[in-house]
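To start, the structure under review is shown below, and the notes come after it.
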Amino acid sequence: MKKQTLYWVIAVCITAFCVFTTIETSTYGAEVNQLENKQVSLQDEGADLNRELIKASSLGSISGKAESLGFIKPEGIVYVSREPEFAAR
């Protein structure tokens, strides 16, 4: 009778351990799935930010921003020649 009870206790313990590990594995699987979804979301956000950066740093965008700040394009470039300085003598 004692051997049979011992076998039942061992069987219950093994079954409980199997159920516990199955639940833990399922929980970790759900966490991994959430992290993978977050990774995809962050990659998409990074790609969007990259596109915004490229758009904002384009020549047309910078030119428009400069004009809105009051800068104007010169009509012509005037070069000033450097003549020898009199104080250098």
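Computed quantities for the displayed model
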item: Residue check, Tyr7 assigned to a helix (DSSP H, G or I) and aromatic (Phe, Trp, Tyr); result: yes
item: Ser81 vs. criteria part of a helix (DSSP H, G or I), out of contact with any Lys or Arg (no Cβ under 6 Å at 6 or more places or on another chain) and either hydroxyl-bearing (Ser, Thr, Tyr) or surrounded by 10 or more Cβ atoms within 10 Å (Cβ to Cβ) (or both); result: no
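None of the figures in this text is laboratory data; all of them are computed from the coordinates on show. Keep in mind the model is a prediction, meaning the values are calculated, not measured. Here Cβ is always computed from backbone atoms with ideal geometry, including for glycine, and neighbour counts include all displayed protein chains.
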